[in-house]
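A short write-up of the structure that comes next.
The values are calculated or read from the model by the stated rules, or taken from the named source; none is laboratory data. Predicted, not measured: the structure shown is a model, and the values here were computed from it. Note that we place each Cβ from the backbone using ideal geometry, even for glycine, and neighbour counts take in every protein chain shown.
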């Protein structure tokens with residue numbers, strides 16, 4: 001491909017990806033208690049100054065994210081105000097930068113044709129669009145995972161200075177999730193393949209790179225007698241014990257991700273389809289392609305980086321999630337690229353055939369059109385979806401009715417078993433409108449958050 005053609009295609013990739021991520025976001029923004037919780041956390045730093053040592057707790061209350069996401073978000077809120085859409089615009093920016101980086105990384109690893117096909121896949125895939133529109137901190141995986149892969153690629157090709165950068169980029173991921181932990185096994189595999197060129201000092205550089213982005217977490221945890229580190233170490237054998245049936249699942253395990261097969265089916269199916277009735281087809285396509293890829297390339301496993309990475313990362317992460325059981329969709333983030341990598345490999349393998357060029361073009365056009373149709377019914381299966389405009393109307397009505405007096409708040413609706421009844425989105429909107437929330441106040445507003453939202457006042 002010529003340089004000019006590559007630039008044109010990259011422009012189309014970014015334009016199509018941006019359009020699909022923005023399409024109807026004004027009326028379909030998924031502002032939930034989870035996003036409200038992010039705003040409530042940063043609100044205290046916006047008002048009082050300073051930056052946090054750590055982020056919010058994860059779904060495991062003993063484990064907290066690193067602070068990098070909040071170091072980025074707090075200045076943005078100070079500059080642009082407390083609009084709920086700030087989270088979306090940040091996620092969109094990160095997602096688009098992620099496509100640029102993905103293109104750059106795989107143009108080096110597998111060539112420009114491969115990079116263009118992969119970037120189109122990422123740009124148009126319902127899974128990638130959906131995660132971006134959810135506007136959570138997890139979107140930073142879209143930037144960091146390609147950089148981790150690039151660092152591994154460089155180490156594979158004996159450029160030892162990237163050992164530090166592998167640790168650094170991987171360490172940054174702990175500010176956005178912990179699902180990447182199984183990838184340590186992939187790193188150890190690369191280190192083993194290149195053990196003859198690596199010295200003790202190189203492993204030390206990896207550890208330094210890993211620690212640097214997490215220094216503030218360690219400082220915070222030191223004040224807690226390193227409870228996070230201890231619990232994290234114990235968590236892995238705990239999960240193995242759960243998989244073996246040695247302890248009963250708790251409520252969170254049951255509700256977080258459905259069954260394990262459903263979770264895998266959703267992850268694989270969403271790569272290609274918005275409609276959940278077709279997810280099984282996406283799963284079958286992946287399984288067939290992966291089986292053929294392994295059969296054709298297993299002899300290259302320790303000779304070719306691409307083969308090693310695709311097989312080892314898929315097997316390691318999938319096995320870890322089977323052990324975990326019922327993983328939420330974002331637990332697949334470390335291998336979000338793998339379906340696209342597999343698809344791009346086979347397209348490039350047979351690219352010289354006109355039928356492959358034609359069918360690939362038609363497929364991308366169909367995915368684009370289907371995405372628009374899917375986005376028109378984006379929240380049809382989301383039991384907790386309430387349009388932001390309705391939420392703001394409820395918040396305004398409560399603040400007006402309270403007339404400056406403090407009140408407590410209760411939300412009844414989907415996921416109200418989570419902390420604070422999953423009402424943090426309403427808390428945030430009420431506070432930005434001047435309301436005074438006091439959990440001990442006698443005046444109480446009960447929000448019935450199902451379909452047509454209603455509010456009841458108890459004095």
**Study point:** Residue among 163, 122, 148, 190 that alone is under 28 Å from residue 347 (Cβ atoms), crowded, with 18+ Cβ neighbours inside 10 Å and over 20 Å from the mean Cα position of the chain (by Cα)
**Key:** 190
Exercise for review: Identify the residue in segment 376-390 that is within 25 Å of the chain's Cα centre (by Cα) and in a helix (DSSP H, G or I) and, among all such residues, is modelled with the highest pLDDT.
Suggested key: 388
Revision key, fill the gap. Flagged in segment 413-429 as surrounded by 15 or more Cβ atoms within 10 Å (Cβ to Cβ), touching a residue at least 40 places away in the same chain (Cβ under 8 Å) and in a loop (DSSP other than H, G, I, E, B), in numbering order, are 415, 418, 423
**Study point:** The listed residue being closer than 21 Å to residue 26 by Cα and at pLDDT below 95, out of 452, 416
**Key:** 452
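Residue-wise test of (1) without any contact (Cβ under 8 Å) to a residue 40 or more places away in the chain; (2) in the same structural domain as residue 135 (by TED's automatic domain parsing); (3) crowded, with 21+ Cβ neighbours inside 10 Å; (4) in contact with a strand residue (DSSP E or B) (Cβ under 9 Å, 6 or more places away or on another chain).
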| position | (1), (2), (3), (4) |
| --- | --- |
| 36 | no, yes, yes, no |
| 41 | yes, yes, no, no |
| 44 | yes, yes, no, no |
| 57 | yes, yes, no, yes |
| 62 | no, yes, no, no |
| 96 | no, yes, no, no |
| 105 | no, yes, yes, no |
Exercise for review: Examine segment 333-340 for a residue that is within 23 Å of the chain's Cα centre (by Cα), crowded, with 19+ Cβ neighbours inside 10 Å and not in a helix (DSSP H, G or I), and state whether such a residue exists.
Suggested key: yes
Revision key, fill the gap. Residue set 173, 212, 185, 234; condition at pLDDT 95 or above and more than 18 Å from residue 316 (Cα to Cα); output residue 212
Review point. Going through segment 438-455 one residue at a time, which ones are surrounded by fewer than 20 Cβ atoms within 10 Å (Cβ to Cβ) and assigned to a strand (DSSP E or B)?
Key: 444, 446, 448, 454, 455
Review point. Scanning for something in contact with a helix residue (DSSP H, G or I) (Cβ under 8 Å, 6 or more places away or on another chain) and surrounded by 20 or more Cβ atoms within 10 Å (Cβ to Cβ), does segment 292-304 turn up at least one residue?
Key: no
Review point. Of the residues 375, 363, which is farther than 30 Å from residue 456 by Cα, surrounded by 13 or more Cβ atoms within 10 Å (Cβ to Cβ) and free of Cβ contacts under 8 Å to residues at least 12 places away in the same chain?
Key: 363
Check your understanding: In this structure, does residue 410 turn out to be in the same structural domain as residue 117 (by TED's automatic domain parsing) and surrounded by fewer than 18 Cβ atoms within 10 Å (Cβ to Cβ)?
Key -> no
Check your understanding: Are any of the residues in segment 397-412 closer than 19 Å to residue 87 by Cα, more than 22 Å from the chain's Cα centre (by Cα) and not in a strand (DSSP E or B)?
Key -> no
**Study point:** Top-ranked residue in segment 1-33 [being part of a helix (DSSP H, G or I) and within 18 Å of the chain's Cα centre (by Cα); ranked as surrounded by the fewest Cβ atoms within 10 Å (Cβ to Cβ)]
**Key:** 22
Exercise for review: Determine whether segment 99-119 contains at least one residue that is over 21 Å from residue 306 (Cβ atoms) and assigned to a helix (DSSP H, G or I).
Suggested key: no
Study note, to complete from the structure: residue 435 fails exactly one of (1) touching a residue at least 40 places away in the same chain (Cβ under 8 Å); (2) assigned to a helix (DSSP H, G or I); (3) over 30 Å from the mean Cα position of the chain (by Cα); (4) surrounded by 19 or more Cβ atoms within 10 Å (Cβ to Cβ), namely (2)
Study note, to complete from the structure: Checking 201, 179 in turn, the sole residue that is in the same structural domain as residue 151 (by TED's automatic domain parsing), modelled with pLDDT of 90 or more and within 16 Å of residue 316 (Cα to Cα) turns out to be 179
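Residues are listed down the side, and each one gets a yes or a no for (1) farther than 30 Å from residue 72 by Cβ; (2) assigned to a helix (DSSP H, G or I); (3) touching a helix residue (DSSP H, G or I) at 6+ places or on another chain (Cβ under 8 Å):
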residue	(1), (2), (3)
195	yes, no, no
204	no, yes, no
207	no, yes, yes
210	no, yes, yes
216	no, yes, no
221	no, yes, yes
225	no, no, no
230	no, yes, no
237	yes, yes, no
Review point. Pick from segment 64-94 the residues that are without any contact (Cβ under 8 Å) to a residue 12 or more places away in the chain and not in a helix (DSSP H, G or I): which of them is nearest to residue 136 (Cα to Cα)?
Key: 83
